[in-house]
Amino acid sequence: MKKKYFLLSLLLLCLSFSTIYSQEKMFYGTIETNDALKLQKVAPSDIKILSSTNGFSAVKLSHHAAEKLHHMILTHGPGFIYEPSEKQALQTIQKLQSKKSYQKRASYTISEDQVVNQSLGLVNNTNIANQIVELENYGTRYHTTQKAKDAVEDLKQKWETMANGRSDVSVRIVNHNSTTMPSVVMSIEGSDLPNEYVIIGGHIDSVSPERETNAPGADDNASGIATITEMARVLFEMNFEPKRTIEFMAFAAEEVGLRGSKEIAEDYKNRNVNVLSYVQFDMTNYKGSPKDVYISDDSYNSSTLNAFLASLMDHYNASGSHQFTYDYTRCNYGCSDHYSWAQQGYDAAFPFEASFNGSSPYIHTVNDTSSRFPTANATHAAKFAKLGLEYLIEVAKSKGSVSVPTYCDSKGNNVNDEYIQNVTLGSINNNSGASNGYEDFTSISTNLEQGSSNTITVTPKWTGTVYKEGYAVWIDYNQDSDFEDNGEQVWVKSASSDSSVNGTFTVPTTAKLGNTRMRVSMRYNATPASCGSFDYGEVEDYTITIIEGDGGTTTNICDGVAEYDSSQNYQVGDRVVYFNVLYERTSSGWNNIGNCGSAKASNLNTERVLVNDKDVIVFSPNPIEDSFIVLQVNNELWKNREIAIYNANGRLLTKVKMSSRNNNVDVSKLSAGIYFVSLDDTGKRYTKQLVKK
């Protein structure tokens, strides 16, 4: 009898585990509605559509359904995005519905020819081929396996070895909530703009219909990781120091819903990390189409970034020893990890090994091995390494390089009937003629205070008939070379035949100090846009100098500023008086702030001092046994900036917002050891060692 009860209990326990196991095999995700309906026809028991809106569906999927989706319906990739809960899946499709809202775009320029050409000559295709074989030899890298974790840890060690102890390089493991497989991220900190990020990545996991076996993944995606690794190696060989921070990422669990990249991209967005753009390298070594590089141009990619990649190849790869060709191809929702970044509003692009119809037919099978590549020794992947280097160097730029702002073009095509005759704002009072539809008046400027209210007046000129004209004015408040951020269209007026029009606007208190661009546009019978051409009217550009706001007291802006001394070693941010004019030191020279006594100065009664590098940061006591240090930052570099404290391994521990030149900084939570106090966001880094007893 006892034996029967035991067997019954064992049976119930097995059934219980079986139920739990089957439940774990179902998960939530998002998918395009058309794909969900097609999948429902071929696998009705393996998908449940929870809700659909605007072409996207929240669903519950089985792993069997996910495989059928990839192999029977999609162009490429998993085609779905993993979601941790039904609630979040539903929230995601609602966000997708409003995805058309404006996303900030970076400004892309080509100016690093010497550095880029040096890098192209260092690319070694054999290194890429060897790295592909290394990853292939794990046998499988399915995200639940130990071999997947081993591949990530080994890659981390390899990247650390390549960095060879560089103090500006860090490599970290990123653990995830949705998978036991980690990702790995390597950062090269920018010298001048460390808070602006340029990122490349690819997934390191592999999959097959059996999921946990027979997935060598040589092309998908050992080739992408090997290509990225070679880019990093070349930059280290050149001892390249970027102006902006560069990051290399190898993601976990892309094949099961972009899990690793989704969590990282969401984290960056939640922390307001300023990612200028992201480029994905997923499958780079199977040349299955006539051209070499195929840029994915579906709606999930940035057209601006795609155009920049094309311009890079036109510039660097149209002829010569590094020549290769390119074309365009189209993918689907959830195509690869770049979509995780696009979903968070970042510029993202995906250059691919072939057209999606011509890519490797062996992926997700036991046959995805190095022996199946049409070209030997990873010569095809080497082209992607070159494109990646062009992208990284041209967007991140070299340490100390001067970035010339480039704004979009705008003009009126015909000024025979009307044009802008006068613009008045502050000290600008400019009369102008018809020109050719655009006038560059950036040599003319005025000062505008943070938080100040200002009135601009635009006077049109009609050569005959009086027409209705629309007007708009933009100011690039954050100095990122566009007029598309919130609040940068400062005034707009619908079409009217008024002989003079004016509008009032307030400069944000957060506007970046210094010189920036103002665009004034007048268009016949319509409101103009900041970019592009139009039939009738004119566009004029001016320079605006944003200065600090005051409390209402007009004083001499040169009060407390020392006369220029040629024996001094002036640093970025230092101010001097020279022949009754106030100047400020910049990374490229001296900026003319204005004539002494010509503008309002801050009511903050702060002494203006000029010191050399070693005295920019001063703190005491040091060594310290107490809870606080008194920290002083000179040369007015404390304004609107943060002090960072790092441990001896370079890990950021805390940041302290400076509210004045002298601040009490709490270090009570620091254990005994050596730390570094650093002021970074000034055009160069100032660092001093702190010893805690």
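Quick check on the exposure proxy: order TYR646, TYR583 from fewest to most C-beta atoms within 10 angstrom.
The most exposed by this proxy come first: TYR646, TYR583.
Going by C-beta contacts inside 10 Å, put TYR564, TYR686 in order with the fewest on the left.
Result, fewest neighbours first: TYR564, TYR686.
Less than 13 Å Cβ to Cβ from ALA434, Lys/Arg counted +1 and Asp/Glu -1: what total charge do the surrounding residues give?
Result for the neighbourhood of ALA434: -3.
Could you work out how far apart the two model spin labels at ASP559 and CYS531 are, taking each label as a point 7 Å from the Cα in the direction of the beta carbon, and quote it in nm?
Result: 4.4 nm between the two label points.
From the phi of every residue in the stretch 464-477, what ³J(HN,Hα) in whole Hz does the Karplus formula 6.51 cos²θ - 1.76 cosθ + 1.60 yield, where θ is phi - 60° and glycine or proline is x?
3J(HN,Hα) across the stretch 464-477, in whole Hz: x, 4, 7, 10, 7, 10, x, 9, 7, 10, 10, 10, 7, 5.
Taking θ as phi - 60°, what are the ³J(HN,Hα) couplings along the stretch 667-672 by the Karplus curve (6.51, -1.76, 1.60), each to the nearest whole Hz, with x for Gly and Pro?
For the stretch 667-672, the Karplus curve yields 10, 5, 7, 7, 7, 4 Hz.
Calculate, for SER432 and THR325, the FRET efficiency according to 1/(1 + (r/R0)^6) with r their C-beta to C-beta distance and R0 56 Å; round to the nearest 0.05.
Approximately 0.75, to the nearest 0.05.
Please list, ordered by chain and number, the residues whose modelled amide H lies under 5 Å from the amide H of ASP574; skip anything fewer than 5 residues away on the same chain.
Residues meeting the amide H criterion: ARG585.
Of LYS25/LYS158; LYS95/LYS411; LYS38/LYS383; LYS243/LYS383; LYS95/LYS493, which sit over 28 Å apart, Cα to Cα?
From the list (LYS25/LYS158; LYS95/LYS411; LYS38/LYS383; LYS243/LYS383; LYS95/LYS493), the Cα-Cα distance tops 28 Å for LYS25/LYS158; LYS95/LYS411; LYS38/LYS383; LYS95/LYS493.
With r as the distance between the Cβ atoms of SER45 and GLN479 and R0 = 60 Å, compute the FRET efficiency 1/(1 + (r/R0)^6) and round to 0.05.
0.60
Excluding ILE444 itself, what net charge comes from residues whose Cβ is under 15 Å from its Cβ, given Lys and Arg +1 and Asp and Glu -1?
Charge balance in the 15 Å sphere: -2.
Extending each Cα 7 Å along its Cβ direction at SER668 and LYS693, get the distance between those two points in nm, one decimal.
Each label point lies 7 Å from its Cα, and together they span 2.0 nm.
In terms of modelled amide H atoms, which long-range or inter-chain residues lie less than 5 Å from the amide H of SER533?
It is LYS411, by chain and number.
For the stretch 447-565, what is the relative contact order in percent, using Cα pairs closer than 8 Å and at least 6 residues apart in sequence?
Averaging sequence separation for qualifying contacts and normalising by length gives 33 percent for the stretch 447-565.
Could you please rank CYS335, CYS408, CYS558, placing first whichever residue has the fewest other Cβ atoms within 10 Å of its Cβ?
Fewest-to-most Cβ neighbours within 10 Å comes out as CYS408, CYS558, CYS335.
With each label point set 7 Å from Cα along the Cα-Cβ vector, what nm distance links SER497 and ASP314?
In this crude spin-label approximation the distance works out to 4.3 nm.
Calculate the FRET efficiency for ASN414 and THR457 from the Cβ-Cβ distance with a Förster distance of 22 Å, rounded to the nearest 0.05.
For ASN414 and THR457, the calculated efficiency is 0.35.
Using a/c under 1.5 as the rounded threshold, could you call the stretch 113-396 rounded, prolate or oblate? The axes a ≥ b ≥ c are square roots of the C-alpha gyration tensor eigenvalues, and prolate needs a/b larger than b/c, oblate otherwise.
rounded
Please list, in chain and number order, the residues 5+ apart from TYR362 or on another chain whose amide H is under 5 Å from its amide H, with Hs placed from the backbone.
none
Cα centroids of the stretch 262-332 and the stretch 174-204: how far apart, whole angstrom?
Answer, in whole Å: 18.
Test of understanding: what is the full-extension gain from LYS512 to LYS38, defined as 0.36 nm times their sequence separation minus their Cα-Cα distance?
So the chain would gain 165.5 nm between LYS512 and LYS38.
Mind ordering 326-334, 253-261, 27-35 by average Cβ neighbours within 10 Å, highest first?
253-261, 27-35, 326-334
Which net charge results when you count Lys and Arg as +1 and Asp and Glu as -1 among the other residues whose beta-carbon is under 14 Å from that of ASP417?
Net charge in that neighbourhood comes out at -1.
I'd like the Karplus ³J(HN,Hα) series for the stretch 27-42: coefficients 6.51, -1.76, 1.60, θ = phi - 60°, whole numbers in Hz, and an x wherever there's a Gly or Pro.
Values per residue, Gly and Pro as x: 8, 8, x, 10, 7, 5, 4, 4, 5, 4, 5, 5, 5, 4, 6, 8 Hz.
Enter the Cα centre distance for the pair the stretch 442-476 and the stretch 133-148, rounded to the nearest angstrom.
What the calculation gives is 62 Å, centre to centre.
Considering the options PRO351, PHE384, TYR339, tell which one lies farthest towards the positive end of the dipole of the stretch 336-404, charges being +1 on Lys and Arg and -1 on Asp and Glu at the Cβ, about the Cα centre.
PHE384
Which of the aspartates and glutamates could be linked to LYS287 by a straight reach, that is with a Cα gap under 18 Å, when you skip same-chain ones fewer than 8 residues away?
ASP219, ASP220, ASP327, GLU353, ASP368
Laboratory data are not the source of any read-out in this text; all were calculated from the coordinates shown. Remember, it's a predicted structure, so these values are computed and weren't measured experimentally. Note: ideal-geometry Cβ built from the backbone for every residue, glycine included; neighbour counts use all protein chains shown.
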